[in-house]
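Enquirer: Before anything else, here's the structure in question.
The values are calculated or read from the model by the stated rules, or taken from the named source; none is laboratory data. What you see is a predicted model, and the numbers here were worked out from it, not measured in a lab. Glycine gets a Cβ as well: all are built from the backbone with ideal geometry, and neighbour counts include every protein chain shown.
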Amino acid sequence: MIARIQNIDFVGKWKTWFTFSGIFLAVGLVTIALGNLNFGLDFQGGSQFTATNAQNQISEGELREALPPDIRQDAQIQSLGQNGFDVRTPVVSEGEASDIRDAMSGALEAEISATSISPSFGEQIRNDALGAVAASLLVIILFITLRYEFIFALAAMAALTHDIVVTVGIYAIVGREVSLVTVVAVLTILGYSVYDTIIVFDRIRENTPEVGYNRRRFNEMVNQSIRQVVRRSIYTTISTLIPVTALLIFGVSTLADFAFALLVGIAAGAYSSIFIASPVLALLKTWQSKRAKAAEERERTSETAS
């Protein structure tokens, strides 16, 4: 398999890679636009009641019937294994919260904990989370620009945007809840994806001729640079995904959500660093060269005219 990958024309077949990614991105964006992104309590506000160590084994339907009548229709009930339930409602008053706790305690004979977040506070958390992601992207752009040059930063940003949209899009498709844990996972994905991309960029910079630019020669050099690191990238990704998959399968609900985001994001990051960032860099280099030649041509024309 590794031998076959090393024979791939990574740059020359950029239309194939971009089409493949474009399908995932389009489906994810359409799903998000249709409002299927499931924001959790942290972002949209509401009340959450968690039952643990339940003595009575009842179904979600029976628990819903046990809730106060004015709460039943709006409540979201999720089973937490064999002896627990999670019930989420819009923000309720202290009296309504007490009625819900009593109803759940009586039906389940369980310990009930309650958490409430106002919609305004949830909106503030959402804005802060978006700000954290945006700040991370700006720092990454600055670092790569200083370490290499601006077109490298643009190529890396294309890959990072790809990873974020794919991860959030798959969240929307499968209906998983987006919480603060998801934001932490996205920031972790950004770090992993940048690390993978920098490995490729470092090799490209080492192999780049000091003088002159030729498109065919540069594209072949990018291909050769990828082939030199692709084995390491694949093995690193597989080694990382093994414990993440175990965490997804055997972890509790919160850890499983975190692991799911990592699983999708790390896989997308490993793909984008090779099949998105590098071809984008080659295309930007071609555009930069054509722009420089056009500027030189204009300058020569101006000098001739004068």
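Enquirer: Counting residues that are in contact with a Phe, Trp or Tyr (Cβ under 7 Å, 6 or more places away or on another chain) and surrounded by 15 or more Cβ atoms within 10 Å (Cβ to Cβ), which helices (runs of 4 or more DSSP H) fully inside region 1-79 reach at least 1?
Expert: Of the helices (runs of 4 or more DSSP H) lying wholly inside region 1-79, those with at least 1 residues that are in contact with a Phe, Trp or Tyr (Cβ under 7 Å, 6 or more places away or on another chain) and surrounded by 15 or more Cβ atoms within 10 Å (Cβ to Cβ) span 14-33, 60-66.
Enquirer: Moving on to the next point. How do the pairs read when you match residues in region 124-136 that are within 9 Å of F43 (Cα to Cα) and assigned by TED's automatic domain parsing to the domain that holds L190 with residues anywhere that are part of a helix (DSSP H, G or I) and among the charged types (D, E, K, R), using Cβ under 7 Å and keeping only pairs 6 or more apart or on different chains?
Expert: So the pair list comes out as I125/D42.
Enquirer: Given (1) out of contact with any helix residue (DSSP H, G or I) (no Cβ under 6 Å at 6 or more places or on another chain); (2) without any contact (Cβ under 8 Å) to a residue 12 or more places away in the chain; (3) of a type outside the set (A, V, I, L, M, F, W, C), identify the lone condition not met by D99.
Expert: (2)
Enquirer: With the structure loaded, tell me whether V133 is among the hydrophobic types (A, V, I, L, M, F, W, C), in contact with a strand residue (DSSP E or B) (Cβ under 6 Å, 6 or more places away or on another chain) and either surrounded by 13 or more Cβ atoms within 10 Å (Cβ to Cβ) or not in a loop (DSSP other than H, G, I, E, B) (or both) or whether it fails that test.
Expert: On the way: among the hydrophobic types (A, V, I, L, M, F, W, C): yes; in contact with a strand residue (DSSP E or B) (Cβ under 6 Å, 6 or more places away or on another chain): no; either surrounded by 13 or more Cβ atoms within 10 Å (Cβ to Cβ) or not in a loop (DSSP other than H, G, I, E, B) (or both): yes.
For V133, the condition - among the hydrophobic types (A, V, I, L, M, F, W, C), in contact with a strand residue (DSSP E or B) (Cβ under 6 Å, 6 or more places away or on another chain) and either surrounded by 13 or more Cβ atoms within 10 Å (Cβ to Cβ) or not in a loop (DSSP other than H, G, I, E, B) (or both) - is not met.
Enquirer: Taking D202, is it surrounded by fewer than 16 Cβ atoms within 10 Å (Cβ to Cβ) and either under 12 Å from the mean Cα position of the chain (by Cα) or not polar (S, T, N, Q) (or both)?
Expert: Details: surrounded by fewer than 16 Cβ atoms within 10 Å (Cβ to Cβ): yes; either under 12 Å from the mean Cα position of the chain (by Cα) or not polar (S, T, N, Q) (or both): yes.
Judged against the criteria, D202 is a match.
Enquirer: Okay, next question. Going through region 92-130 one residue at a time, which ones are assigned to a helix (DSSP H, G or I) and of a type in the set (G, A, S)?
Expert: Step one: list which residues in region 92-130 are assigned to a helix (DSSP H, G or I), which gives 94-108, 119-130.
Passing the criteria: G95, A97, S98, A103, S105, G106, A107, S120, G122, A129.
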